[in-house]
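Chemist: Before anything else, here's the structure in question.
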Amino acid sequence: MHFEAKVDMSEASGGERDSVPKELASLVPSFDPAVDNVEIWTSKVELLVTTWPQSKLAELATRLILNCKGTAYQKLQLNRKELLVNEPAGIQRLVELVGGTCGQIP
């Protein structure tokens, strides 16, 4: 699946172009492989990436990595150069490394 930012957040953030509103940043889901369902986490990430400012996708990837626990965090940390590319493909790869599949409904 190809991710695209579809909402212009410049209007929603009071005119600041490409800034991430605090409310949006607070919605970044956490993931603990021992507790959380990867399909539900993936669907939350897919929804979030559609509203996240396109030029700030590396920030989203960083927040997603930091909100992971255990082996998921370790795996993402090892691959951070591949994930922090500020492109939708980086977010898609992040989801795949955690074990999710983009574009599927749980």
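Rule-based calculations on the coordinates, nothing more; no lab input. These numbers were taken from a predicted model, which means no experiment stands behind them. Here Cβ is always computed from backbone atoms with ideal geometry, including for glycine, and neighbour counts include all displayed protein chains.
Chemist: What spacing in nm lies between the two simple spin-label points modelled at Glu23 and Gln74, each 7 Å away from Cα in the Cβ direction?
Modeler: Here the answer is 3.9 nm between the modelled labels.
Chemist: Assign one of three labels to the stretch 40-106, namely rounded, prolate or oblate, based on the Cα gyration tensor with a ≥ b ≥ c the square roots of its eigenvalues; rounded applies when a/c is under 1.5, prolate when it is not and a/b is larger than b/c, and oblate otherwise.
Modeler: Taking the square roots of the gyration eigenvalues as a ≥ b ≥ c, the stretch 40-106 is oblate.
Chemist: Quick one: if the Förster radius is 25 Å, what FRET efficiency do Ala89 and Leu66 give, using the C-beta to C-beta distance and rounding to 0.05?
Modeler: Plugging the Cβ-Cβ distance into 1/(1 + (r/R0)^6) gives 0.80.
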